[in-house]
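The values are calculated or read from the model by the stated rules, or taken from the named source; none is laboratory data. Because the structure is a prediction, the values reported are computed rather than measured. Note: ideal-geometry Cβ built from the backbone for every residue, glycine included; neighbour counts use all protein chains shown.
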Amino acid sequence: MKEIVDETLTTYFTTFAPDGVLKADEEFFKLSRKAAIHELQKDLKEQEELELDLAEDTAETISYLQSINDAEYEQLKNDYR
């Protein structure tokens, strides 16, 4: 996995608690691979409309998630816990 994909996924698998502490984003962890791809695709559409450079990173992350199977995705989620 490329570093940019790892960094992008880190932003989805984590969130800041009200006290400023970084913690797991349990809502994102609950998503299946296909649902996670769908979430990233929604964000990508918005990023493209706003012409954000981040769109390239999100598109690359979507491609990566599409290239792995569901079992590999479940293992990937464990790596972010």
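Is it the case, given these coordinates, that Leu50 is loosely packed, with under 11 Cβ neighbours inside 10 Å and either touching a residue at least 24 places away in the same chain (Cβ under 8 Å) or not small (Gly, Ala, Ser) (or both)?
So Leu50 fits the description; yes.
Does Thr10 fit the bill of being farther than 15 Å from Glu74 by Cβ, of a type in the set (S, T, N, Q), modelled with pLDDT of 95 or more and touching an Asp or Glu at 6+ places or on another chain (Cβ under 8 Å)?
It is false that Thr10 is farther than 15 Å from Glu74 by Cβ, of a type in the set (S, T, N, Q), modelled with pLDDT of 95 or more and touching an Asp or Glu at 6+ places or on another chain (Cβ under 8 Å).
Taking the stretch 26-67 as the region of interest, how many residues are within 10 Å of the chain's Cα centre (by Cα) and of a type in the set (A, V, I, L, M)?
Residues meeting the conditions: 5.
Cβ-Cβ distance below 7 Å, separation of 6 or more or different chains: which pairs start in the stretch 1-22 with a residue that is outside any loop (DSSP other than H, G, I, E, B) and end on one that is basic (Lys, Arg)?
Thr14/Lys23; Thr15/Lys23
Filter the stretch 23-46 down to the residues that are outside any helix (DSSP H, G or I), over 15 Å from Ile68 (Cβ atoms) and either of a type in the set (A, V, I, L, M) or in contact with a Gly (Cβ under 9 Å, 6 or more places away or on another chain) (or both) and list them by number.
Within the stretch 23-46, Ala24 is the sole residue that qualifies.
Looking at Lys77, Lys30, which is the one that is surrounded by fewer than 17 Cβ atoms within 10 Å (Cβ to Cβ) and not hydrophobic (A, V, I, L, M, F, W, C)?
Step by step, each of Lys77, Lys30 is checked, and only Lys30 is surrounded by fewer than 17 Cβ atoms within 10 Å (Cβ to Cβ) and not hydrophobic (A, V, I, L, M, F, W, C).
Just checking, does the stretch 60-77 include any residue being among the basic types (Lys, Arg) and over 13 Å from Thr11 (Cα atoms)?
Taking every residue of the stretch 60-77 in turn, none turns out to be among the basic types (Lys, Arg) and over 13 Å from Thr11 (Cα atoms).
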